[in-house]
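**Student:** Please find one structure pasted underneath; my questions will follow.
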Amino acid sequence: MIPKIALVSIKPGVGKTTSAMFICQSLHELGRPPLLVDADKGQSALEWMEDAEGLDFPVIGQHITTLHRSLPDLEGDRGALVVDVPQLEDHESIARGALLYADVWVFPMAPAGIEVRRTTRKMKKKLEAIKDERERFGLPRDPLVEVVLLNRTNRPYATKTGPDADVRDALTAPELGMEVLDAQVVFHDDLYRQCYGLEIETEGTTYPQVTKEILERWEAAK
């Protein structure tokens, strides 16, 4: 059994592909050689690998609606499988297949009130429908891990006050009831924008901590 991680969002531009790439590099460095499946029609992860002339982990493109059937055949001897899922609001059928397969759902999100509202109004409803379908497929209704990854934050860790804390409190409140990773991705806009198409360096980022926490939660839940 390996962790099957899907990075999911309701809309583009939340750092989903960047997070997928850095999490895969962190998995590689932790001795869990991953495969990254780029299920987004934009193929940003695949183009990143091609521009970098190879990375420490393979990336394949597979933007199809039957990911729940094709992905198990790709696991092989990998230490983890990560799926960069296209945004739910435009490509729900592809996202659905990825979420039927994955047992870890990660939602990158900026600490802003508008993101909480989008989660409340759109993503939560769509995810509930996919969970119902998981049950119909004879799968556990809920994935083993379902967490928000706060990025573009002011601090690399959970704070007790400030905008990061306000969003964390809103997400974990009973009406949403979501879990949020303790590790956060601090705002390094230039760093992440300029790293596209290059080999990935995790030093100086919090993605190793993010990845370790995801794995710890997965290990505890399986």
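The values are calculated or read from the model by the stated rules, or taken from the named source; none is laboratory data. It should be emphasised that the depicted structure is a prediction, and the values quoted were computed from it without experimental measurement. Glycine gets a Cβ as well: all are built from the backbone with ideal geometry, and neighbour counts include every protein chain shown. Remember, those area values only see protein heavy atoms, side chains included, never the ligands or the DNA or RNA. Shrake-Rupley method; radii C 1.70, N 1.55, O 1.52, S 1.80 Å.
**Student:** Quick test for you: out of 74, 46, 88, 100, pick the one residue that is in contact with a Phe, Trp or Tyr (Cβ under 8 Å, 6 or more places away or on another chain) and more than 21 Å from residue 210 (Cα to Cα).
**Tutor:** The unique qualifying residue is 100.
**Student:** Identify all residues within region 27-59 that are out of contact with any Cys (no Cβ under 7 Å at 6 or more places or on another chain), modelled with pLDDT of 95 or more, crowded, with 24+ Cβ neighbours inside 10 Å and more than 17 Å from residue 92 (Cα to Cα); write none if there are none.
**Tutor:** Scanning region 27-59 gives 27, 59.
**Student:** Next up: If you take the residues in region 130-152 that are in a loop (DSSP other than H, G, I, E, B) and in contact (Cβ under 8 Å) with a residue 40 or more places away in the chain, which one is least open to solvent (accessible area, probe 1.4 Å)?
**Tutor:** Only one residue fits best here, namely 143.
**Student:** Kindly indicate the residue of region 117-144 that is farther than 22 Å from residue 84 by Cβ and touching an Asp or Glu at 6+ places or on another chain (Cβ under 9 Å) and also modelled with the lowest pLDDT among those meeting that condition.
**Tutor:** Step by step, filter region 117-144, then rank; the result is 120.
**Student:** Still on this structure, I have one more. Starting from region 199-222, take each residue that is closer than 12 Å to residue 24 by Cα and list its partners that are open to solvent by 20 Å² or more (accessible area, probe 1.4 Å) and part of a helix (DSSP H, G or I), counting only C-beta distances under 6 angstrom and pairs at least six apart or across chains.
**Tutor:** 202/208
**Student:** Among the residues of region 101-117, is any in a loop (DSSP other than H, G, I, E, B), of a type in the set (Gly, Ala, Ser), open to solvent by 30 Å² or more (accessible area, probe 1.4 Å) and within 18 Å of residue 149 (Cβ to Cβ)?
**Tutor:** Within region 101-117, one or more residues are in a loop (DSSP other than H, G, I, E, B), of a type in the set (Gly, Ala, Ser), open to solvent by 30 Å² or more (accessible area, probe 1.4 Å) and within 18 Å of residue 149 (Cβ to Cβ).
**Student:** If you don't mind, another one. Taking the conditions exactly as written (outside any helix (DSSP H, G or I), in contact (Cβ under 8 Å) with a residue 60 or more places away in the chain and either among the basic types (Lys, Arg) or under 24 Å from residue 128 (Cα atoms) (or both)), does residue 88 satisfy them or not?
**Tutor:** yes
**Student:** Looking at 175, 199, 203, 213, which is the one that is at pLDDT 85 or above and part of a loop (DSSP other than H, G, I, E, B)?
**Tutor:** Criteria check complete, one pass: 203.
**Student:** Given the condition modelled with pLDDT of 95 or more, open to solvent by 10 Å² or more (accessible area, probe 1.4 Å) and hydrophobic (A, V, I, L, M, F, W, C), answer yes or no: does some residue in region 60-68 qualify?
**Tutor:** So far as region 60-68 goes, yes, one or more of its residues are modelled with pLDDT of 95 or more, open to solvent by 10 Å² or more (accessible area, probe 1.4 Å) and hydrophobic (A, V, I, L, M, F, W, C).
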